[in-house]
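**Q** Got a structure for you, questions after.
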Number of protein chains: 6
Amino acid sequence: MSIPTRPAPLFVPDEVLDRLAKVTSGSLTTQLYKKGYRQPVMVGLKPLNTPFKPFAGRAFTMRFIPAREDVDTYATLTTEPHVNNLQWVGVEEVKPGEVVVIDSYRDASAASMGNMLITRMKMRGARGVVTDGAFRDGTELSQMDFPIWSAGVTATTRLSFHHVADLQVPIGCAGVAVYPGDVIHGDGDNITVVPAHLAAEMADLCEAQDDLEGYLAMRVQGGEALWGLYPPSPATREQHKAWVAAGRPPIKAA
Amino acid sequence: MSIPTRPAPLFVPDEVLDRLAKVTSGSLTTQLYKKGYRQPVMVGLKPLNTPFKPFAGRAFTMRFIPAREDVDTYATLTTEPHVNNLQWVGVEEVKPGEVVVIDSYRDASAASMGNMLITRMKMRGARGVVTDGAFRDGTELSQMDFPIWSAGVTATTRLSFHHVADLQVPIGCAGVAVYPGDVIHGDGDNITVVPAHLAAEMADLCEAQDDLEGYLAMRVQGGEALWGLYPPSPATREQHKAWVAAGRPPIKAA
Amino acid sequence: MSIPTRPAPLFVPDEVLDRLAKVTSGSLTTQLYKKGYRQPVMVGLKPLNTPFKPFAGRAFTMRFIPAREDVDTYATLTTEPHVNNLQWVGVEEVKPGEVVVIDSYRDASAASMGNMLITRMKMRGARGVVTDGAFRDGTELSQMDFPIWSAGVTATTRLSFHHVADLQVPIGCAGVAVYPGDVIHGDGDNITVVPAHLAAEMADLCEAQDDLEGYLAMRVQGGEALWGLYPPSPATREQHKAWVAAGRPPIKAA
Amino acid sequence: MSIPTRPAPLFVPDEVLDRLAKVTSGSLTTQLYKKGYRQPVMVGLKPLNTPFKPFAGRAFTMRFIPAREDVDTYATLTTEPHVNNLQWVGVEEVKPGEVVVIDSYRDASAASMGNMLITRMKMRGARGVVTDGAFRDGTELSQMDFPIWSAGVTATTRLSFHHVADLQVPIGCAGVAVYPGDVIHGDGDNITVVPAHLAAEMADLCEAQDDLEGYLAMRVQGGEALWGLYPPSPATREQHKAWVAAGRPPIKAA
Amino acid sequence: MSIPTRPAPLFVPDEVLDRLAKVTSGSLTTQLYKKGYRQPVMVGLKPLNTPFKPFAGRAFTMRFIPAREDVDTYATLTTEPHVNNLQWVGVEEVKPGEVVVIDSYRDASAASMGNMLITRMKMRGARGVVTDGAFRDGTELSQMDFPIWSAGVTATTRLSFHHVADLQVPIGCAGVAVYPGDVIHGDGDNITVVPAHLAAEMADLCEAQDDLEGYLAMRVQGGEALWGLYPPSPATREQHKAWVAAGRPPIKAA
Amino acid sequence: MSIPTRPAPLFVPDEVLDRLAKVTSGSLTTQLYKKGYRQPVMVGLKPLNTPFKPFAGRAFTMRFIPAREDVDTYATLTTEPHVNNLQWVGVEEVKPGEVVVIDSYRDASAASMGNMLITRMKMRGARGVVTDGAFRDGTELSQMDFPIWSAGVTATTRLSFHHVADLQVPIGCAGVAVYPGDVIHGDGDNITVVPAHLAAEMADLCEAQDDLEGYLAMRVQGGEALWGLYPPSPATREQHKAWVAAGRPPIKAA
């Protein structure tokens, strides 16, 4: 008996990524919830780069397991591809439009990687890097114009505690399943995972929700009560359409 | 047999709140410790609004329990009051001078609420909002001139994991008991809970302590040793009085 | 039978401290890893002072145990040395060039100390203070030009939960062994512990590594791939030497 | 505006409880999963009574919050009903067929109750008691013929850390929502919560599943492979029916 | 300035230990609570020896810190006393009537010690051994007629992660302060710490409480309600005295 | 560039497994420590089968990631091999002498598997099954003559929270790296991982250590002090050899 294999992931085109990069995690999580997805957010991760930079990209996954003293030595930081140096292989495999997502099994006791490799991925056209562990070189990373999300900053070399076991396999990251090719979305709040087959539909739904909610927020700021207004009743939705048709005039206080 | 019920909470007047808003959590916790209260601080919560804004208000409580798939659906976000939409009810019940405190049983896997409801509470005159879970819309909240404290930022919709079970009952929040009407105090450091019956006394004690400690801090900055100076000896307290009487002249280096 | 005692710690001179203060935690952890030290970093601690301030100093240790109601009372905040007020004793024992490291057994439920004692230690010439618990007075501390690292900010008075049991004994802090006299190093990323006997050697090794990696980072930013470049091959090391010899000219994009 | 209130809970009759007490948590969780309930199990709780005793009863809930020094004193252990002694009130309100479920917010640092109150509830006809904290008197409880589930054994008096804030309100217990009147089920493995409106249907479904799976287990023990057998194919279901019709003859090894 | 030192601990005589060994942790924690001690119990520890064996002894403390690769090597398992082999020193210093309490800072990733050292301490007259980490050789220990309490069983050699830093200093163990000479009490439920100066008084109070509660438990088992009976009213206390005076006759069902 | 692949694992023969099954985890961890392996133990796992059964087998690995609502449905419990039913594939791929090790990323919120699949693996000749999550059907498993280790018992169906992502890849289990083919060893205390290339050497070393330590334990039980005896001095080792040569006569009390 042979082990069944997964089909190649769907390819989400750049124009969908570009639209998704502009929607909010609030709309994404609500719309994904309506489709049955309870937890698409990597709870607890934060951006190191300041100010943060909204983005969306195709997931390129990297899987860690605990290091072992005979396998993970300084000698594995080879200058050419090697099965025990898959991290370098991964960095040099990343393609434009991808976001590297690292399953560090929520262990921040050593760095997932640091400034040098992240710079290289940026140069290769990656759109961001995410780990549920930590990165080193936090000071440099904080000044990089590149989305870098983690659970912390730890200088300890990866070799102390982590082994890179696989590239481009399904992983868990901060409690969320990530399949290669899924859309990884980041705004100022969170990293959200969008299944590849829903990417285009989510762009439509979230653009509409963000626009409507922006309108409602102004009315709430104007002093209106929630009842009937938010969540939007059919009448409210009509008022929104009329407001859009009217050229989005200023909202007056109630 | 009927179940005994609690008497209505004491009402702490606004002028006491205004005085408490100006004292430090350091003095509050020390004075409460002297009265026998070991832990009045909600350890681990942080303000989302930057810069932070000191405040004090009367607790309005909201209690969460885990969501259940048959109870907590998108349909419960009703446009009129409903037993399964107590969150909206709570927001529209908040009165000026109150601080909404949410018992999210320390679970940040979904948002306690977001920008829209928090804006509405601010419009209604609330003085702040606190959860031991997370809020969504962190980016907008960070720019709001309103005290917003949480254990994190999570976009995931509340419906995924939380049900609002009760309003205005005693709760625990980040390990501290909160009874409706207690004073919720926030400075740049922490959220501190002051039992309502101690509010006025605490204002007196902490104003005095803050003034004395400000004086002592200048003397320590001036190079004096702790022994005899801090904690203040009777002689030091006399020196403080004299310094106040003298019009608070500059402290010279020792 | 008597209990064997430890020899006095090595004294790391100020000039070594000054050199170490300038190297990065990335280089330190890598070089310590090569010597067999897997975890020299206090994972999870962050600087309260902003902007952070790189430093290195000799460890002065303070050990906490849980408070007990009969031992730890407000009366122990004495104005003269007392066995139950070792915290004041410690503060007044700190010498120039030392960093106070507090073993709060990772319990942030009360403050390790606050503004007044930290100011006093700074006045005495300390180079920083570190706890794996929390400090109070975070607002004041954030503005102090002094390295202050902790796992959080908690106003609760130390007396509620902590007793100072010992000074200048080996401790654990955030999972790392600290022997009095070890070098405590902080940059913008982490606190790293350097065994005293390795301090001078580490200064040599890390200065060299930081210089080489700065050169390599520029080449990576210039577009070069990792293979052969980083980790540095013998050829790359020669190129670095030549670049240094040539007066460190600008690196062009590849 | 008044706060909407919940309707009275459904009453699950004793005969349904008696049937549910005989089904397995394995079947219950599978059938609840098919209805959309992902987590009906209180993960991590264990029975103190040995040997364990399968049971099912109607939930009677008791809600804890953190104790406060001025509210929770030894004097609250009154000999008559009192708002600060709701625990005694609850024990004397329990009715036959009920299971007391305590929301101790997963804090086992003090006992939820002990031998005396649990004995009293047993005498009143309760079918079990569950806490996500701890009980004291574990030695006596281990020998009681009564289902007693907890996260641990702690002698510390409840007064140290817990206040009983409410009776018969919706709670969370070990991460699961419990509404008064829900069926609380325990076998040798876990506590499972069955929404009251599903109780009778679950009895039907689980009796059928347990019977089928018992048959399949014998076939697997007889050496058959899983493919086609388990999960049961239509043919396998027919074979099960035939086996039942044939009087459940012994299963031979494959 | 010299560092103040602690006076020698009080010596609790064996006859008090023998009386305390017979009282329950339930009574001890209640009586200690009445004196102001909120948490005298090492929450989460369990006995490895089965059946458990009630005991009380004078605390002999052993303090661990994290191991360091250059200090903690196999070579430190010396055959004569050495500063880096304080564990052996401690074992050979234990005196009859003592209980060894190990502060493993709640880290069970390596063994605190194993069968050989524990056997040796038993031979020397120790009354038990407690760690908030783990022991190895759990299988042998489970069959030893000696109280052995821990948070788990881990075979990993202590050298991997723990260094013995001190003997006979105040420690924390599972969150409770232990001063050398305190009484360490274990029954079937928990380890409880009794401050030495309260040992004799606690023996008196707990013997009385245990006797009274045994009587009340029989009345509750007989069907009486809690109100008026438990906590005992003055009338109930009189009834208890009368019952004792009458020779402790059987209690009939109510 | 192609991704480098791992060579096939070493095959540890059954006779080495049989020898290893008889040595203790205490000796294994000590000997592995001497080779540089700090943590070969899966801390926190316990056997469900009682009494426990010592074993050693070749690792067959199964990797979990978080479930996703669109991928993990009841429909994936197919009756023939399918990429989303790798668990069934794995069970039917297990070969005699193997131990199934499941990386459930330490999440016990749903079962890794239950009675039916474990029975099937036993029938196929597996030597045990290990997860760092939980199993369901704990009652049945406790009576099975088969080594079954986990972090708990949870009835919740795997589909709720876990997806089987891979078979026979390197994994982490309870913090320890496991490569397919490694020896998984269980005694009454722990699961220990032995790298395949060290299996035969470990059998030699541990048989010798266990024999020597058994002898020393008897001498300690006879009343001898540790100094000079344990760790064994050269003289002690000679005495052990003489004792073996003399036919292992009874050890008298010192």
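The values are calculated or read from the model by the stated rules, or taken from the named source; none is laboratory data. What you are looking at is a predicted structure, and each value in this text was computed from that prediction instead of being measured. Neighbour counts run over all protein chains shown; Cβ positions are idealised from the backbone, glycine included.
**Q** Can you name the condition, by its number, that residue D:83 falls short on among (1) at pLDDT 95 or above; (2) on the phi < 0 side of the Ramachandran plot?
**A** (1)
**Q** When you scan the stretch C:150-185, how many residues do you find that are part of a loop (DSSP other than H, G, I, E, B), more than 30 Å from residue A:140 (Cβ to Cβ) and away from chain B (no Cβ under 14 Å)? Let's see the steps before the verdict.
**A** Of the stretch C:150-185, the ones part of a loop (DSSP other than H, G, I, E, B) are C:151, C:154-157, C:161, C:168-170, C:174-175, C:179-182.
In the following step, the residues that additionally are more than 30 Å from residue A:140 (Cβ to Cβ) were identified as C:154-157, C:161, C:168-170, C:179-181.
Going one step further and asking which of them are away from chain B (no Cβ under 14 Å), we end up with C:168-170, C:179-181.
Counting residues in the stretch C:150-185 that are part of a loop (DSSP other than H, G, I, E, B), more than 30 Å from residue A:140 (Cβ to Cβ) and away from chain B (no Cβ under 14 Å) gives 6.
**Q** Anything in the stretch D:98-112 that is under 17 Å from the mean Cα position of the chain (by Cα) and at negative phi? List them, or say none. Outline the logic, then answer.
**A** If we filter the stretch D:98-112 for residues that are under 17 Å from the mean Cα position of the chain (by Cα), which is where we start, we get D:98-106, D:112.
The answer is D:98, D:99, D:100, D:101, D:102, D:103, D:104, D:112.
**Q** Residues being more than 7 Å from every other protein chain (Cβ to nearest Cβ) and either over 19 Å from residue B:176 (Cα atoms) or exposed (fewer than 13 other Cβ atoms within 10 Å of the Cβ) (or both): count how many of those fall in the stretch B:21-45.
**A** Number satisfying all stated conditions: 3.
**Q** Name the residues in the stretch C:210-228 that are within 8 Å of chain A (Cβ to nearest Cβ), in a loop (DSSP other than H, G, I, E, B) and on the phi < 0 side of the Ramachandran plot, would you? Give the derivation first.
**A** Just the residues of the stretch C:210-228 that are within 8 Å of chain A (Cβ to nearest Cβ), to begin with: C:213, C:216-217, C:220-221, C:223, C:225-228.
Now drop any that are not in a loop (DSSP other than H, G, I, E, B), which leaves C:223, C:225-228.
Listed by number, the residues that qualify are C:225, C:226, C:227.
**Q** Let me ask something else. If residue A:79 meets every condition in (1) touching a strand residue (DSSP E or B) at 6+ places or on another chain (Cβ under 9 Å); (2) β-branched (Val, Ile, Thr); (3) more than 14 Å from chain B (Cβ to nearest Cβ) apart from one, which number is that one?
**A** (1)
**Q** State the number of residues belonging to the stretch B:236-254 that are among the hydrophobic types (A, V, I, L, M, F, W, C) and at pLDDT below 95. Before you say what the answer is, go through the steps one by one.
**A** First, pick out the residues of the stretch B:236-254 that are among the hydrophobic types (A, V, I, L, M, F, W, C): B:242-246, B:251, B:253-254.
Filter again for at pLDDT below 95, leaving B:251, B:253-254.
Here the count works out to 3.
**Q** Might you let me know whether the stretch E:133-153 holds any residue that is in contact with a helix residue (DSSP H, G or I) (Cβ under 6 Å, 6 or more places away or on another chain) and more than 17 Å from residue F:220 (Cβ to Cβ)?
**A** yes
**Q** (1) among the hydrophobic types (A, V, I, L, M, F, W, C); (2) in contact (Cβ under 8 Å) with a residue 40 or more places away in the chain; (3) touching a Pro at 6+ places or on another chain (Cβ under 9 Å): which one isn't true of residue E:218, the others all being true?
**A** Failing condition for residue E:218: (2).
**Q** Follow-up question, since we're still on this one. Examine the stretch B:178-199 for a residue that is on the phi > 0 side of the Ramachandran plot and touching a Lys or Arg at 6+ places or on another chain (Cβ under 6 Å), and state whether such a residue exists. It would help to see each step written out before you state the result.
**A** First, the residues of the stretch B:178-199 that are on the phi > 0 side of the Ramachandran plot: B:181.
Okay, now just the ones that are also touching a Lys or Arg at 6+ places or on another chain (Cβ under 6 Å), so B:181.
Within the stretch B:178-199, one or more residues are on the phi > 0 side of the Ramachandran plot and touching a Lys or Arg at 6+ places or on another chain (Cβ under 6 Å).
**Q** Identify all residues within the stretch C:123-144 that are more than 8 Å from chain B (Cβ to nearest Cβ), more than 21 Å from residue B:212 (Cα to Cα) and within 17 Å of the chain's Cα centre (by Cα); write none if there are none.
**A** C:125, C:126, C:127, C:128, C:129, C:130, C:131, C:132, C:133, listed by residue number.
**Q** Can residue D:152 be described as closer than 28 Å to residue D:37 by Cα, surrounded by 19 or more Cβ atoms within 10 Å (Cβ to Cβ) and under 19 Å from the mean Cα position of the chain (by Cα)? Reasoning before the result, please.
**A** Details: closer than 28 Å to residue D:37 by Cα: yes; surrounded by 19 or more Cβ atoms within 10 Å (Cβ to Cβ): yes; under 19 Å from the mean Cα position of the chain (by Cα): yes.
The answer is yes for residue D:152.
**Q** Provide a single number: the residues in the stretch C:186-209 that are more than 10 Å from every other protein chain (Cβ to nearest Cβ), out of contact with any His (no Cβ under 7 Å at 6 or more places or on another chain) and touching a residue at least 60 places away in the same chain (Cβ under 8 Å).
**A** Our first condition is that a residue be more than 10 Å from every other protein chain (Cβ to nearest Cβ); within the stretch C:186-209, this holds for C:186, C:194, C:196, C:199-209.
Restricting the remaining residues to those that are out of contact with any His (no Cβ under 7 Å at 6 or more places or on another chain) gives C:186, C:196, C:199-209.
The next check asks that each one be touching a residue at least 60 places away in the same chain (Cβ under 8 Å); those that pass are C:186, C:196, C:199-200, C:202-203, C:205-207, C:209.
Residues that pass the stated criteria total 10.
**Q** Going residue by residue through the stretch B:123-131, is there one that turns out to be more than 26 Å from residue A:46 (Cα to Cα) and touching a Phe, Trp or Tyr at 6+ places or on another chain (Cβ under 7 Å)? First the steps, then the outcome.
**A** Start the filter on the stretch B:123-131 by keeping residues that are more than 26 Å from residue A:46 (Cα to Cα), which leaves B:123-127.
From what is left, the residues that are touching a Phe, Trp or Tyr at 6+ places or on another chain (Cβ under 7 Å) are B:127.
Yes; the residues of the stretch B:123-131 include at least one that is more than 26 Å from residue A:46 (Cα to Cα) and touching a Phe, Trp or Tyr at 6+ places or on another chain (Cβ under 7 Å).
**Q** Do we have residue F:68 as surrounded by 22 or more Cβ atoms within 10 Å (Cβ to Cβ), at the interface with another protein chain (Cβ under 8 Å from one of its Cβ atoms) and not hydrophobic (A, V, I, L, M, F, W, C) here?
**A** Values: surrounded by 22 or more Cβ atoms within 10 Å (Cβ to Cβ): yes; at the interface with another protein chain (Cβ under 8 Å from one of its Cβ atoms): yes; not hydrophobic (A, V, I, L, M, F, W, C): yes.
In short, yes.
**Q** Quick check: anything in the stretch A:189-207 within 13 Å of residue A:26 (Cα to Cα), over 18 Å from the mean Cα position of the chain (by Cα), hydrophobic (A, V, I, L, M, F, W, C) and surrounded by 14 or more Cβ atoms within 10 Å (Cβ to Cβ)?
**A** Taking every residue of the stretch A:189-207 in turn, at least one turns out to be within 13 Å of residue A:26 (Cα to Cα), over 18 Å from the mean Cα position of the chain (by Cα), hydrophobic (A, V, I, L, M, F, W, C) and surrounded by 14 or more Cβ atoms within 10 Å (Cβ to Cβ).
**Q** Let me ask something else about it. Scan the stretch D:103-120 residue by residue and report those that are touching a Gly at 6+ places or on another chain (Cβ under 9 Å) and more than 10 Å from chain E (Cβ to nearest Cβ).
**A** Listed by number, the residues that qualify are D:103, D:104, D:105, D:106, D:112.
**Q** Here is a follow-up. Please work out which one of (1) in contact (Cβ under 8 Å) with a residue 40 or more places away in the chain; (2) out of contact with any Ser or Thr (no Cβ under 6 Å at 6 or more places or on another chain); (3) under 25 Å from residue A:154 (Cα atoms) is the condition residue C:159 fails and give its number.
**A** Looking at each condition in turn, residue C:159 falls short on (3).
**Q** Looking only at the stretch B:1-44, how many residues end up being of a type outside the set (Lys, Arg) and within 14 Å of the chain's Cα centre (by Cα)?
**A** Keep residues of the stretch B:1-44 that are of a type outside the set (Lys, Arg), which gives B:1-5, B:7-18, B:20-21, B:23-33, B:36-37, B:39-44.
Of the ones still in play, those that are also within 14 Å of the chain's Cα centre (by Cα) are B:17-18, B:20-21, B:23-26, B:28-29, B:39-44.
The number of residues fulfilling the criteria is 16.
**Q** Here's another thing I want to ask about it. For the stretch F:155-167, state whether one or more residues are more than 25 Å from residue A:162 (Cα to Cα) and either under 18 Å from the mean Cα position of the chain (by Cα) or among the small types (Gly, Ala, Ser) (or both).
**A** Yes.
**Q** Another question, then. Exactly one condition in (1) under 18 Å from the mean Cα position of the chain (by Cα); (2) within 14 Å of chain B (Cβ to nearest Cβ); (3) surrounded by 22 or more Cβ atoms within 10 Å (Cβ to Cβ) is false for residue D:95; which is it?
**A** Result: residue D:95 passes all but (3).
**Q** Follow-up. Go through (1) aliphatic (A, V, I, L, M); (2) touching a Gly at 6+ places or on another chain (Cβ under 9 Å); (3) over 27 Å from residue F:38 (Cα atoms) for residue C:43 and report which single condition fails.
**A** So residue C:43 meets the others, but not (3).
**Q** In addition: Does residue E:58 satisfy being at pLDDT 95 or above, surrounded by fewer than 19 Cβ atoms within 10 Å (Cβ to Cβ) and either touching a Gly at 6+ places or on another chain (Cβ under 7 Å) or within 12 Å of chain C (Cβ to nearest Cβ) (or both)? Quick ask: steps written out before the conclusion?
**A** On the way: at pLDDT 95 or above: yes; surrounded by fewer than 19 Cβ atoms within 10 Å (Cβ to Cβ): no; either touching a Gly at 6+ places or on another chain (Cβ under 7 Å) or within 12 Å of chain C (Cβ to nearest Cβ) (or both): yes.
Against the criterion (at pLDDT 95 or above, surrounded by fewer than 19 Cβ atoms within 10 Å (Cβ to Cβ) and either touching a Gly at 6+ places or on another chain (Cβ under 7 Å) or within 12 Å of chain C (Cβ to nearest Cβ) (or both)), residue E:58 does not qualify.
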